[in-house]
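Written out below as structure tokens is the structure these notes cover.
The values are calculated or read from the model by the stated rules, or taken from the named source; none is laboratory data. Just so it is clear, the structure is predicted and the values come from calculations on it, not from any experiment. Glycine also receives a Cβ, built like all others from the backbone with ideal geometry; neighbour counts cover every protein chain displayed. Note: accessible area is taken over every heavy atom of the protein model, side chains too, but ligands, DNA and RNA are not part of it. Shrake-Rupley method; radii C 1.70, N 1.55, O 1.52, S 1.80 Å.
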Amino acid sequence: NNSLPLPVDQKSIEIQLVIGYGDVNNEQVQLVNSSDLPVDLQGWKLRGEGASEFTFPLMTIFPGGMVYVHSMSGVNSSTDLYWGSAESVWSKGEKVTLFDASGNLRASYVIP
């Protein structure tokens, strides 16, 4: 693991888009690494406004790289992660937040 933790004030991972909200089979959150360093996402958490929370497995996202977090079940790959939810996680107007492994807020996005 050669990726270093980035300073909390440095913008690194952005929540770019939430696609297909309201439909568990199509819902996905698109994240992009906007920094020029690889970021180790292991232990990071993606949260909705309710009790829903997704914890990232061992994964490094490289500069300019994207990863999609799907609400439904599936098999994780280098670009697609699966929450394993039986129902829709996201809804219009909801705030999506991303926290690093230390609990620092790294990104947020309000679903339009």
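A few points about this structure:
- Subset of the stretch 101-110 (residues that are in contact with a Leu (Cβ under 9 Å, 6 or more places away or on another chain) and not in a strand (DSSP E or B)): ALA101
- Residue match in the stretch 73-81 (condition: crowded, with 16+ Cβ neighbours inside 10 Å and in contact with a Gly (Cβ under 8 Å, 6 or more places away or on another chain)): no
- Residue among LEU98, LEU46 that is in contact with a Lys or Arg (Cβ under 6 Å, 6 or more places away or on another chain), aliphatic (A, V, I, L, M) and assigned to a strand (DSSP E or B): LEU98
- Residues located in the stretch 98-112, provided they are buried (at least 18 other Cβ atoms within 10 Å of the Cβ) and among the hydroxyl-bearing types (Ser, Thr, Tyr): TYR109
- Checking each residue in the stretch 49-67 for being within 16 Å of GLU14 (Cβ to Cβ), open to solvent by 20 Å² or more (accessible area, probe 1.4 Å) and outside any loop (DSSP other than H, G, I, E, B) picks out only MET66.
- Any hit, the stretch 34-41, residues being open to solvent by 50 Å² or more (accessible area, probe 1.4 Å), farther than 12 Å from ILE13 by Cβ, more than 13 Å from the chain's Cα centre (by Cα) and at pLDDT below 95: yes
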